[in-house]
1. Report, by residue number, each residue of segment 37-85 that is closer than 24 Å to Leu20 by Cβ and of a type in the set (D, E, K, R).
2. For segment 191-211, does any single residue satisfy the condition of being more than 28 Å from Val110 (Cα to Cα), more than 14 Å from ligand 1 (Cβ to nearest atom) and assigned to a helix (DSSP H, G or I)?
3. Scan segment 342-362 for residues that are part of a helix (DSSP H, G or I) and either open to solvent by less than 10 Å² (accessible area, probe 1.4 Å) or without any contact (Cβ under 8 Å) to a residue 40 or more places away in the chain (or both) and jot them down.
4. Looking only at helices (runs of 4 or more DSSP H) that fall completely inside segment 221-315, which ones have 2 or more residues that are crowded, with 24+ Cβ neighbours inside 10 Å?
5. Within segment 109-118, does at least one residue satisfy the condition of being at pLDDT 95 or above, within 16 Å of ligand 2 (Cβ to nearest atom) and open to solvent by less than 30 Å² (accessible area, probe 1.4 Å)?
6. Which residues, taken from segment 169-204, are of a type in the set (A, V, I, L, M, F, W, C) and either farther than 20 Å from Tyr49 by Cβ or within 15 Å of ligand 2 (Cβ to nearest atom) (or both)?
7. Among the candidates Met335, Met268, single out the residue that is within 16 Å of ligand 2 (Cβ to nearest atom) and among the hydrophobic types (A, V, I, L, M, F, W, C).
8. For segment 45-55, what are the residues that are surrounded by 13 or more Cβ atoms within 10 Å (Cβ to Cβ) and part of a helix (DSSP H, G or I)?
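The values are calculated or read from the model by the stated rules, or taken from the named source; none is laboratory data. Since we're looking at a predicted model, the values are computed, not measured. We place every Cβ from the backbone using ideal geometry, glycine too, and count neighbours over all the protein chains shown. Surface areas here come from the heavy atoms of the whole protein model, side chains and all, with no ligands, DNA or RNA. Shrake-Rupley method; radii C 1.70, N 1.55, O 1.52, S 1.80 Å.
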Amino acid sequence: MLGNFSYVNATKLYFGDDSLKFLNDELPKYGKNIQLIYGGGSVKKNGLYDAVVEILKANGKNIVEDAGVMPNPTVEKLREGVKIARENKVDLLLAMGGGSCCDYAKAVSVAVHCDEDAWEKYFIRFEEPACEIVPVACILTMAGTGSEMNAGSVITNPETKQKIGHVFGENVMPKFSILNPKFTMSLPKRQMVAGCYDIFNHICEQYFSGEDDNTSDYIAEGLMRSVVHSSLIAVENPEDYEARSNIMWTATWALNTLIGKGKTQDWMVHMLGQAVGGYTNATHGMTLAAVSLPYYKFIMPYGLKKFKRFAVEDWKVSPENKSDEEIANAGLAAMENWMRKIGVAMNITELGATAEMIEGIADATFILKGGYKVLTRAEVVQILKESL
Ligand code: NZQ
Ligand code: ZN
């Protein structure tokens, strides 16, 4: 049975290979000072930076540069971004990049007019903003996180090795996002497949919970099939527009809250992956891939019915002459086969984690209660050891 819920999605999307021109429609709605947020320079290499600057200038905007947002944005960078925003009285935070730039823009947006320390308030105490929020917009260059249409923001504190996400309310969601699949084509293959696994796992996190027959799970199955299908095409031919556009659109729907509505959710792969990320600074999607199989094999007996359905519906495993366990195992084997084909990380050792880190990573893992088995700390340690 679907539980009760309310649903709104406050982000306006412009999708397609001509979508950048709609920036001209949106800019007049905001004041003059635009904080232009981007990462380590990919947008300068692929021409997006120049194209956006031209549009901003044509619309008479002051450009306030905020470059160097790193993958897994840090508290220190957040404080720098807040300083830039305050000094320049910015009216819009325009992020160009992947989840890191978009998440960072959201964290800056709730911190600019906040008197308290943003890390402590939002990421340690998980409080909601009580101040004015600077509007955020996103021009997406990497498909994966869904940050372009959600209120999530993940910030890392390298000093304490904490990587923590806060899902804010709808007032923190980007006001608009521009999604042009062509902007993702300059992504290195490793980043592209990390994004594909991130998408797939966002769907799994919402799917592997509860036993009920509900619409959300049917949508989830369709989205999983789409990303698996398109990722295999894009790995062979990164320039395939159809595959890249399907991946981009699936990423958005995988985590814009729709498929989690009315049901419980798991999110333990993300908790484990995030804790690994806090210790290794590894690419987000790879941290998820590296812990997934040990985790899913561990919880499978507790959610056997769903794992069986996953095998039959998503991986087309034939149930004939097989026990439920055999069907479910065949589904996970098919998933593993796909992961190896696209080339994601299969263990945390290759991401820089060591046996000595396991206790610390386990301490940094938030244990959530929505999955098929609420893990004990000892089980977290066991899963992490199996992920090495
Ligand atoms: O910095 P640049 O030079 O732009 O390079 C980036 C970066 O090195 C590069 N890149 C992005 N688009 C490119 C490109 N290179 C060439 N061509 C392009 N078109 O890719 C690298 C990774 O970018 P990043 O933004 O870090 O990747 P992703 O989109 O995976 O974002 C990861 C962050 O999002 C958080 C993660 O924890 C991590 O901090 N997440 C946010 C979520 C949310 N808001 O709901 C949920 C996710 O589960 C996730 O936790
Ligand atoms: Zn993710």
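1. Those that are closer than 24 Å to Leu20 by Cβ and of a type in the set (D, E, K, R): Lys44, Lys45, Asp50, Glu54, Lys57, Lys61, Glu65, Asp66.
2. Scanning segment 191-211, I find at least one residue that is more than 28 Å from Val110 (Cα to Cα), more than 14 Å from ligand 1 (Cβ to nearest atom) and assigned to a helix (DSSP H, G or I), so the answer is yes.
3. So in segment 342-362, the residues part of a helix (DSSP H, G or I) come out as 342, 349-351, 355-362.
Listed by number, the residues that qualify are Ile342, Thr349, Ala355, Glu356, Ile358, Glu359, Ile361, Ala362.
4. Values: elements: 241-254, 268-280, 284-299, 304-309.
Answer list for segment 221-315: 241-254, 268-280, 284-299.
5. No: zero hits.
6. Start the filter on segment 169-204 by keeping residues that are of a type in the set (A, V, I, L, M, F, W, C), which leaves 172-173, 176, 178-179, 183, 185, 187, 192-194, 196, 199-200, 203-204.
Within segment 169-204, Val172, Met173, Met192, Val193, Ala194, Cys196, Ile199, Phe200, Ile203, Cys204 meet the criteria.
7. Numbers: Met335 fails: within 16 Å of ligand 2 (Cβ to nearest atom).
Testing whether each residue is within 16 Å of ligand 2 (Cβ to nearest atom) and among the hydrophobic types (A, V, I, L, M, F, W, C) leaves just Met268.
8. Within segment 45-55, Leu48, Tyr49, Ala51, Val52, Val53, Ile55 qualify.
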